[in-house]
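Trainee: Questions regarding the structure given below will be posed in turn.
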Amino acid sequence: MKRSKFTEEQIIAILREQEAGAKTDEVCRRHGISGATFYAWKAKFGGMEPSEAKRL
């Protein structure tokens with residue numbers, strides 16, 4: 001399985017950008033990810049703090 005080029009902390013930061021009011025399409029374009037990847041991350045990491053993600 002291919003490793004992600006983003007760490008858990010970076011993923012959570014990207015999710016928080018969208019939660020802060022940025023449009024999903026803009027966030028995805030800025031970071032070079034697809035919408036499907038974004039929503040998969042949101043399902044997995046949504047609502048987590050970086051310290052909680054390290055425990056996964």
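Trainee: Say whether the condition of being assigned to a helix (DSSP H, G or I) and acidic (Asp, Glu) is met by at least one residue in the stretch 40-50.
Mentor: Checked the stretch 40-50: no residue is assigned to a helix (DSSP H, G or I) and acidic (Asp, Glu).
Trainee: Report the residue count in the stretch 14-33 for those that are outside any helix (DSSP H, G or I) and within 11 Å of the chain's Cα centre (by Cα).
Mentor: Counting residues in the stretch 14-33 that are outside any helix (DSSP H, G or I) and within 11 Å of the chain's Cα centre (by Cα) gives 1.
Trainee: Consider only pairs whose beta carbons are under 7 Å apart and that are at least six residues apart or on different chains; among these, list those whose first residue lies in the stretch 22-34 and is surrounded by 13 or more Cβ atoms within 10 Å (Cβ to Cβ) and whose second residue is part of a helix (DSSP H, G or I) and not hydrophobic (A, V, I, L, M, F, W, C).
Mentor: Between residues of the stretch 22-34 that are surrounded by 13 or more Cβ atoms within 10 Å (Cβ to Cβ) and residues that are part of a helix (DSSP H, G or I) and not hydrophobic (A, V, I, L, M, F, W, C), the close pairs are Thr24/Gln18; Thr24/Gly35; Val27/Glu17; Val27/Gln18; Cys28/Gly35.
Quick note: the coordinates plus some simple rules give every number you see, no bench work behind them. Remember, it's a predicted structure, so these values are computed and weren't measured experimentally. Here Cβ is always computed from backbone atoms with ideal geometry, including for glycine, and neighbour counts include all displayed protein chains.
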